[in-house]
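The values are calculated or read from the model by the stated rules, or taken from the named source; none is laboratory data. Since the model is a prediction, treat every value here as computed from it, not as a measurement. Here the Cβ is made from the backbone with ideal geometry for all residues, glycine too, and neighbour counts use every protein chain on show. These area figures cover heavy atoms from the full protein model, side chains too; ligands, DNA and RNA do not enter into them. Shrake-Rupley method; radii C 1.70, N 1.55, O 1.52, S 1.80 Å.
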Amino acid sequence: MDMSKIYDVIILGGGPAGLSAGLYAGRARMDTLILEKEKEGGLIIQTEEVDNYPGAIEGETGPSLIDKMIDQVNRFHAERVIDTITEVQLEGEIKVLKGKKDSYQAKSVIITTGAKPRLIGCPGETKFIGKGVSYCATCDAAFFEDLEVFVVGGGDTAVEEAIFLTKFARKVNIVHRRDELRAAKSIQEKAFKNEKIHFIWDSQVDEIKGEGLVNGVVIKNRKTGEVTDIKADEEEGLLGVFVFIGYDPMTELFEGILDMEDGYIITDEDMRTNIPGVFAAGDVRKKTLRQVVTAVSDGAIAAVVAEKYLEGMH
Ligand code: NAP
């Protein structure tokens, strides 16, 4: 890579918002780089069923939708690089992003870093990640064939993923901190009808136990204070804990630099942040509805407005 190269736009993050921005920027013949730290696709590749994205075919999954978005971006020549950015300099006409492998420069930046799963924060949780604790049913459900699993959370994600887990697990317990779900009514109805799903209301997971793999959870009823030490079925010897209690925006890099609220980047309706030439799009932005459909919309707007910004620079 040519280190002295100055791109028209660097898009930081390769989820739906970033890929959409890349598509629009590429089509506008902007010299475009999409930087992604691991694997393109963002959170949606953890989803088994995408049935609320307009035009999605029946049986569309997160990965199948993302594959099509990547193919489309490739047709319009946005460059794509895997690197983890550790430092940013966003003030001034030339923005600099320093990564673990390289340093990158651009006249404008679109931040689409998205959000990451929130942790329970109880003992045993991080110790057993990948050993019985998971944040992705699509990735890990098959490991729990005919076993018992505990899903923590009561929002759309928790309930949808609980329904998906019933295809594998023997029994799915939803542990929710209140006695009423937050999930959309249509999703709730499906869950209440599913005989494999059980609810543990007003409760929280206080500890995750195991020996190598998870074999127990300690659950506390928040109303009565009663603590239950649940052990895996003796013959099975292990159980799963899937955590879906929301997401936190990935904005650590921009703390003290960009205006934020509750960790989300504040933009105007054209995706502009408080720094000229710096835009934010998708889940990382303060907004009402975090969905693929709004992420791709944000990305398109950000790219078009970035192009206008570049025109104004000359
Ligand atoms: P969410 O809507 O923020 O729900 C988080 C759930 O976890 C809530 O039930 C919350 O309880 C619980 N919770 C939060 N912090 C907790 C903690 N520390 N300990 C225990 N429980 C905790 O998150 P989400 O379900 O991941 O959804 C995120 C966004 O994506 C939402 O806007 C959602 O609508 C959207 N989404 C949409 C779809 C769809 O349209 N099909 C699918 C998935 C996600 P309380 O209810 O008590 O606050």
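Yes or no, residue by residue, for (1) within 16 Å of the ligand (Cβ to nearest atom); (2) at pLDDT 95 or above; (3) not assigned by TED's automatic domain parsing to the domain that holds E91:
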residue	(1), (2), (3)
E226	no, yes, yes
K231	no, yes, yes
I257	no, yes, no
G263	yes, yes, no
T267	no, yes, no
D298	yes, yes, no
I301	no, yes, no
Task: Filter result (open to solvent by less than 10 Å² (accessible area, probe 1.4 Å) and in a loop (DSSP other than H, G, I, E, B)) within the range 16-43 - done: G41
TODO: Report yes if S203 is within 13 Å of the ligand (Cβ to nearest atom) and surrounded by 19 or more Cβ atoms within 10 Å (Cβ to Cβ), otherwise no.
DONE: yes
Open item on the list: Can you find a residue that is within 19 Å of S186 (Cβ to Cβ) and within 16 Å of the ligand (Cβ to nearest atom) anywhere in the range 60-70?
Closed with: yes
Open item on the list: Any residue that is over 24 Å from P123 (Cβ atoms), within 16 Å of the ligand (Cβ to nearest atom) and part of a loop (DSSP other than H, G, I, E, B) - is there at least one of those in the range 246-254?
Closed with: yes
TODO: Among residues belonging to the range 44-61 that are hydrophobic (A, V, I, L, M, F, W, C) and part of a loop (DSSP other than H, G, I, E, B), point out the one that is surrounded by the fewest Cβ atoms within 10 Å (Cβ to Cβ).
DONE: I57
TODO: Tell me, please, whether a residue that is open to solvent by 10 Å² or more (accessible area, probe 1.4 Å) and more than 15 Å from the ligand (Cβ to nearest atom) can be found in the range 134-141.
DONE: yes
Task: Meets criteria (in contact (Cβ under 8 Å) with a residue 24 or more places away in the chain, in the same structural domain as G26 (by TED's automatic domain parsing) and more than 16 Å from the ligand (Cβ to nearest atom)) for I57 - done: no
Open item on the list: Looking only at strands (runs of 3 or more DSSP E) that lie completely in the range 119-220, which have at least 3 residues being of a type outside the set (A, V, I, L, M, F, W, C)?
Closed with: 203-211
Open item on the list: Tell me yes or no: at least one residue of the range 114-123 is away from the ligand (no atom under 14 Å from the Cβ), within 24 Å of the chain's Cα centre (by Cα) and open to solvent by less than 20 Å² (accessible area, probe 1.4 Å).
Closed with: no
Open item on the list: Scan the range 257-266 and tell me whether some residue there is of a type in the set (F, W, Y), open to solvent by less than 50 Å² (accessible area, probe 1.4 Å) and either touching an Asp or Glu at 6+ places or on another chain (Cβ under 9 Å) or in a strand (DSSP E or B) (or both).
Closed with: yes
- [ ] Evaluate the following for V152: is it assigned by TED's automatic domain parsing to the domain that holds A280 and out of contact with any Ser or Thr (no Cβ under 7 Å at 6 or more places or on another chain)?
- [x] no
